[in-house]
1. What number of residues within the range 100-115 are in contact (Cβ under 8 Å) with a residue 12 or more places away in the chain and within 25 Å of the chain's Cα centre (by Cα)?
2. Of everything in the range 138-168, what is modelled with pLDDT of 85 or more and among the basic types (Lys, Arg)? Give them in sequence order.
3. For the range 31-130, list the helices (runs of 4 or more DSSP H) that sit wholly inside it and hold at least 3 residues that are at pLDDT 90 or above; which are they?
4. Scan the range 1-24 residue by residue and report those that are modelled with pLDDT of 75 or more and either among the hydroxyl-bearing types (Ser, Thr, Tyr) or closer than 15 Å to residue 46 by Cβ (or both).
Amino acid sequence: MPRWFNRLSMLFELLRHGGIPPRLCPAIASGSSIAPHISNRSYAIDDLLNDFRIVLGVPKYRTSKPKKQTRKFSNNKLYSLKMNLTACQNCGEYHELHTICGKCYEKVRKMTNEIKAKMMNYNPYKGERQDKEVHLRFADDTDEMVDGRRIIEMEVPRPTWFKKKFSS
């Protein structure tokens, strides 16, 4: 007979003669004269563990990584449509409602990195904090007096998205 059939029959035998042992809990011993029915067959630890695998539904073998990847990324997973897209007012690119347009953000990021590079030119120790406040002056700005601040001059005209209040 197959091995699984022997295991299954031993499990049924165990269930018929007293069931699965209870969980670990306190017990009160009484002086009863009735002894529980004890089977004449003794179980080894391996037998009990294998029997409980069937009862508890625990997998015997690990699921392989390719099988998990197939489950996660298989071709029967349906794509979901994004319904919260909108067109950018400046460049016309589509983006999600709660995000910034990627093209416009790239322009902002490039300008910010230029400003950071200019700020670091004044600071001999890279990564340290600036010792003074910074004032940005673009090419098309009027010359004004700024007292107590470090002036950083940019050679490009002020972008429309970079308001005057940001630089002071």
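1. In the first step, residues of the range 100-115 are kept if they are in contact (Cβ under 8 Å) with a residue 12 or more places away in the chain; the result is 101, 103-104, 107-108, 111, 114-115.
With the extra rule that they be within 25 Å of the chain's Cα centre (by Cα), the set shrinks to 101.
Number of matching residues: 1.
2. Across the range 138-168, the qualifying residue is only 158.
3. 65-73, 102-122
4. 3, 4, 6, 7, 9, 10, 11, listed by residue number.
The values are calculated or read from the model by the stated rules, or taken from the named source; none is laboratory data. What you see is a predicted model; the values in this text were computed from it and never measured. Note that each Cβ is placed from the backbone with ideal geometry, even for glycine, and that neighbours are counted across all protein chains shown.
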